[in-house]
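Data block below; observations after.
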There are 2 protein chains.
Amino acid sequence: MTSQTLSFTILGTGALGGFYGARLLHHGFQVRFIAHSDADYMRQHGLRVDSPLGDLHHFPVDVYRASDEIPQSDVVCVALKTTQNHQLVDLLRPLVRPGTVILNFQNGLTMEEALSEAFPDSPVVAGLCFLCSNKLGPGHIAHLDYGLVSFAPQDARGQAWVPRLMDAFASSGVKVERFPSLLKARWRKLAWNIPFNGLSVVLDANTDSIMRDPDARALAEQLMAEVALGAAACGAPFDAGFTAKLLEVTEAMTPYAPSMRLDYLAKRALEIEFMYDRPLREVAKLGVRLPAVEAIARQLHFLDRRNRQGDT
Amino acid sequence: MTSQTLSFTILGTGALGGFYGARLLHHGFQVRFIAHSDADYMRQHGLRVDSPLGDLHHFPVDVYRASDEIPQSDVVCVALKTTQNHQLVDLLRPLVRPGTVILNFQNGLTMEEALSEAFPDSPVVAGLCFLCSNKLGPGHIAHLDYGLVSFAPQDARGQAWVPRLMDAFASSGVKVERFPSLLKARWRKLAWNIPFNGLSVVLDANTDSIMRDPDARALAEQLMAEVALGAAACGAPFDAGFTAKLLEVTEAMTPYAPSMRLDYLAKRALEIEFMYDRPLREVAKLGVRLPAVEAIARQLHFLDRRNRQGDT
């Protein structure tokens, strides 16, 4: 099987799944989208992605609801928020046959272990996305910046798939890289996500406000240093200079509302469990505590609960 | 000199100084009030305190501006917020002669050391106030609940004054207690102030919302446990069961907006330096870090700065 013949099912047609699915479709791959509330709209109007890479409008597109009979694809891309993970295995069950590759785009820690456990016959690969995009409305995505996917295999079977997946995405105009250690890749991403997603919600601030305030910036650094401790404890230490570089990059970014902030403002559930609680649980198993990360996680749970229950 | 002949100058006629000054005045002590923006109003309308202990309206009252010639009193009560402490010594200079007692009502850590240093010939006593009162307007205070003053001397000279001060306040209808160790008294007060003042601002929540949410409550306990570590490091360990009791009391309190929250909502400067930065600095000298307290302090600095500069 060459990469040109690959077919993809995109589970979750939001800012992330919509963007990557549209790129793959544009290059001629067969792409099946699973949408929830937007399915009817997308059947009538297709999928639109505004992007500095060129605006795309695909019509018609193959759209399914999760409950539909869905043809088998070679690759199933998980592009749901982790707040849906209590139903993820059930959603994947009809999509995954022995040999189906599961490509997981989610943020956090421990998601791929759960996938491998539930689907022991399927290769699992993580695709860590460095993407800035928003969903504007049903079937309408605005890609703002970036887009790199960093591919990291969960196991040897996943590893064998990485080159083909990279090839497919690269040929679709997506920047790709390969990261040999999934654990290290996950922790590196947490080094940014834990400080900036959480603080953007708790402080009601974008990255630029955080970076230019001496105390908010010091707190971001404090959190990042704790994540570095956690990564090292888990056997995935950061390279020297990595966190300093990450702060530099963040400083140079255009003002940016992290996804958790957008979720909060839209009163959607926050991805606290996989981004905070799971990393804290993993390091706790090793006798390590990250007190400032704990504090932020608890603040987020409080704010999330109040935000969605209207309970003040 | 018997306590009946004592005279008092109240530096700062807000929710706290106004309440205690009115009680002392009611019992017949000579009380001089120093007010800032409210001085003219109080000269024309006096001082009004609504209270479950009985409403008081004193007219006329002795009101001064700090720049006026002010007659000497035996006791100067410091009832300014610590956010004014950069000018406190200058304000006290004309009020304090050798032998004048300085009774400090402020919240935080290290204030009395600075006072003793600036006024080496004056006894210094801390009066830790457990008071729930608000200023409603110029010369108008609403006393809601509590009112205990815990007297703790800064040094031996202060200690000799404690009984006379206690007698004066007790005879004015104020509950009093004596606390032999100032350091211990200060840390015990921080055990409540650090969690609940800070979280009330950062989470935009009153004490009851914090206590009934499992994560916010766990965070309050985390912060309190760090304060206990700090207290122990400084040689002022809490008694067994103290923090558990404090949480119980907080749970039983009527819903309450801590003073820092009221300051924040009124866009006044927050007492972060003496309530957070100084305790952190004192424990840092001993090689101890309180990471969650640090995190909250940094959040407060960020929020305070934005709140008062309108900078988003």
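I'd like to verify a number: residues in region A:35-90 that are of a type outside the set (D, E, K, R) and within 21 Å of A:Ala142 (Cα to Cα), how many?
Qualifying residue count, region A:35-90: 26.
For B:Phe59, are the conditions met, namely being without any contact (Cβ under 8 Å) to a residue 60 or more places away in the chain, surrounded by 14 or more Cβ atoms within 10 Å (Cβ to Cβ) and not acidic (Asp, Glu)?
When the stated conditions are applied, B:Phe59 does not pass them.
Of the numbered conditions (1) touching a residue at least 40 places away in the same chain (Cβ under 8 Å); (2) over 21 Å from the mean Cα position of the chain (by Cα); (3) under 28 Å from B:Asp204 (Cβ atoms), A:Arg217 fails exactly one; give the number of that condition.
So A:Arg217 meets the others, but not (1).
Kindly establish whether A:Ala228 is part of a loop (DSSP other than H, G, I, E, B), away from chain B (no Cβ under 13 Å) and within 19 Å of A:Ser181 (Cβ to Cβ).
Taking the combined requirement at face value, the residue does not satisfy it.
Could you please give the count of residues in region B:119-151 that are in contact with a helix residue (DSSP H, G or I) (Cβ under 6 Å, 6 or more places away or on another chain) and farther than 19 Å from B:Lys81 by Cα?
Number of matching residues: 1.
Being closer than 15 Å to A:Gly127 by Cβ and of a type in the set (Phe, Trp, Tyr): is that true of A:Phe59 here?
Here the answer is no, as A:Phe59 does not meet what is asked.
Listed residues B:Arg178, B:Arg212; which is out of contact with any strand residue (DSSP E or B) (no Cβ under 6 Å at 6 or more places or on another chain) and of a type outside the set (Val, Ile, Thr)?
It is B:Arg212.
Here are some residues: B:Ala231, B:Ala236, B:Ala240. Which one is loosely packed, with under 15 Cβ neighbours inside 10 Å, over 21 Å from A:Leu219 (Cα atoms) and modelled with pLDDT of 95 or more?
Residue meeting the stated conditions: B:Ala240.
Please tell me if B:Ala244 is without any contact (Cβ under 8 Å) to a residue 60 or more places away in the chain and either part of a helix (DSSP H, G or I) or assigned by TED's automatic domain parsing to the domain that holds B:Leu16 (or both).
yes
Given the conditions (1) within 23 Å of A:His140 (Cα to Cα); (2) touching a Phe, Trp or Tyr at 6+ places or on another chain (Cβ under 8 Å), report the number of the one that A:Leu6 does not fulfil.
Among (1) within 23 Å of A:His140 (Cα to Cα); (2) touching a Phe, Trp or Tyr at 6+ places or on another chain (Cβ under 8 Å), the lone unmet condition for A:Leu6 is (1).
Does A:Met111 qualify as being farther than 25 Å from A:Ser150 by Cα and surrounded by 20 or more Cβ atoms within 10 Å (Cβ to Cβ)?
Spelling it out, it is not the case that A:Met111 is farther than 25 Å from A:Ser150 by Cα and surrounded by 20 or more Cβ atoms within 10 Å (Cβ to Cβ).
Output the helices (runs of 4 or more DSSP H) that fall wholly within region A:249-312 and possess 2 or more residues being at the interface with another protein chain (Cβ under 10 Å from one of its Cβ atoms), or say none.
The helices (runs of 4 or more DSSP H) meeting that bar are A:291-309.
Which ones in region B:94-118 are touching a helix residue (DSSP H, G or I) at 6+ places or on another chain (Cβ under 7 Å) and over 17 Å from B:Glu271 (Cα atoms)?
B:Val101, B:Ile102, B:Leu103, B:Ala118
Residue-by-condition table, conditions (1) in the same structural domain as B:Ile70 (by TED's automatic domain parsing); (2) closer than 22 Å to B:Tyr146 by Cβ; (3) buried (at least 24 other Cβ atoms within 10 Å of the Cβ); (4) touching a helix residue (DSSP H, G or I) at 6+ places or on another chain (Cβ under 6 Å):
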{"site": "B:Ser7", "(1), (2), (3), (4)": "yes, no, no, no"}
{"site": "B:Ile10", "(1), (2), (3), (4)": "yes, yes, yes, yes"}
{"site": "B:Thr13", "(1), (2), (3), (4)": "yes, yes, yes, no"}
{"site": "B:Ala22", "(1), (2), (3), (4)": "yes, yes, yes, no"}
{"site": "B:His27", "(1), (2), (3), (4)": "yes, yes, no, yes"}
{"site": "B:Arg32", "(1), (2), (3), (4)": "yes, no, no, no"}
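Name every residue in region A:252-285 that is at pLDDT 95 or above, over 16 Å from the mean Cα position of the chain (by Cα) and closer than 14 Å to A:Trp192 by Cα, in order of residue number.
Scanning region A:252-285 gives no hits.
Name the residues in region B:1-52 that are of a type in the set (Asp, Glu) and in contact (Cβ under 8 Å) with a residue 12 or more places away in the chain, would you?
Of everything in region B:1-52, those that are of a type in the set (Asp, Glu) and in contact (Cβ under 8 Å) with a residue 12 or more places away in the chain turn out to be B:Asp38, B:Asp50.
The values are calculated or read from the model by the stated rules, or taken from the named source; none is laboratory data. These numbers were taken from a predicted model, which means no experiment stands behind them. Cβ atoms come from the backbone with ideal geometry, glycine included; neighbour counts cover every protein chain shown.
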